[in-house]
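> Can you read through this structure? Questions will come right after.
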Amino acid sequence: MTLTEQIITVAAAVLGTMLTRFLPFILFPANKPTPPVVLYLGKMLPAAVMALLVVFSFKDVELLSGYHGAPELLATVLIIVLQVYVKNVLLTIASGTIFYMFLVQYIFV
């Protein structure tokens, strides 16, 4: 890369970063109410993202071969139980991930 290309690349990265940081404050100033569509998205998107992650997690599970999705199912049950009783998202996600990795590395080899 030439020096000019490097400067253009860095400038584009800086501009993109600044745009994503400042644009929400420009579009939604503090002295105006937040539009209802943004409030709706703020309420609905977290659940939609979680549902998408669940679908993504189970998309490659083959029920008719291998371990029939046992590691995924066991990790999912652990995640549900922890979330119901502990209600700590970080602990739930970390525990489920660690448990799943333990299962696929040491139990379901």
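The values are calculated or read from the model by the stated rules, or taken from the named source; none is laboratory data. All values reported here derive from a predicted model rather than from experimental measurement. When we count neighbours, we look across all protein chains shown, and the Cβ atoms used for this are built from the backbone with ideal geometry, even at glycine. To get the accessible areas, we keep the full protein, side chains included, count just its heavy atoms, and leave off ligands, DNA and RNA. Shrake-Rupley method; radii C 1.70, N 1.55, O 1.52, S 1.80 Å.
> Per residue Cα convex hull volume for the chain, in cubic angstrom? If you can, show how the numbers build up before the last one.
Details: hull volume 22.9 nm³, N = 109.
Taking the convex hull of the Cα positions in the chain, it is 211 Å³ per residue.
> While we're here: Can you tell me the length gained on complete extension of the stretch THR97 to VAL54, counting 0.36 nm per residue apart and subtracting the Cα distance? Don't skip to the end; give the middle numbers.
Values: separation 43, 0.36 × 43 = 15.48 nm, distance 1.28 nm.
Fully extending the segment from THR97 to VAL54 adds 14.2 nm.
> I'd like the orientation of helix 70-85 relative to the chain: the angle between its Cα long axis and the longest Cα principal axis, in ° from 0 to 90, rounded to 10.
70
> Ignoring ligands, DNA and RNA, please state the percent of accessible area on the chain from carbon and sulfur, probe 1.4 Å.
The computed percentage sits at 76.
> If I model a spin label as a point 7 Å beyond the Cα along the Cα-Cβ vector, how far apart are those points for LEU39 and SER65 in nm?
Modelled inter-label distance: 5.2 nm.
> In whole angstrom, how far apart do the alpha carbon centroids of the range 1-52 and the range 62-109 sit?
So the separation of the two Cα centres works out to 33 Å.
> With a cut-off of at most 14 other beta carbons within 10 Å, and DSSP calling the residue loop, which trypsin sites (Lys or Arg not before Pro) in the range 40-104 qualify? Please list them.
Numbers: sites: LYS43, LYS59, LYS87; in loops: LYS59, LYS87.
Taking the range 40-104 and a limit of 14 other Cβ atoms within 10 Å, the loop trypsin sites (Lys or Arg not before Pro) found are LYS59, LYS87.
> Nearest 10 degrees is fine. How inclined is helix 89-102 to the longest principal axis of the chain, computing both from alpha carbons?
50
> Mind checking the angle between helix 36-58 and the chain's longest principal axis? C-alpha axes, 0 to 90 degrees, to the nearest 10.
It is inclined by approximately 40 degrees.
> So which GluC sites (Glu not before Pro) in the range 1-91 end up in coil per DSSP with only 14 or fewer other C-beta atoms within 10 Å?
Numbers: sites: GLU5, GLU62, GLU72; in loops: GLU62.
Of the GluC sites (Glu not before Pro), the ones in loops of the range 1-91 whose Cβ has at most 14 other Cβ atoms within 10 Å are GLU62.
> Next question, about the same structure. For a Förster distance of 41 Å, can you work out the FRET efficiency between the beta-carbons of ALA12 and ILE80, rounded to the nearest 0.05? Please report the intermediate quantities before stating the final value.
On the way: r = 44 Å, r/R0 = 1.06.
Approximately 0.40, to the nearest 0.05.
> Just tell me which lysines come within less than 30 Å, Cα to Cα, of LYS32; anything on the same chain fewer than 8 places away is out.
LYS43
> Per residue, how many Å² of accessible area does the chain show with a 1.4 Å probe? Don't skip to the answer; put the middle values down first.
Numbers: 9210 Å² over 109 residues.
That works out to 85 Å² for each residue.
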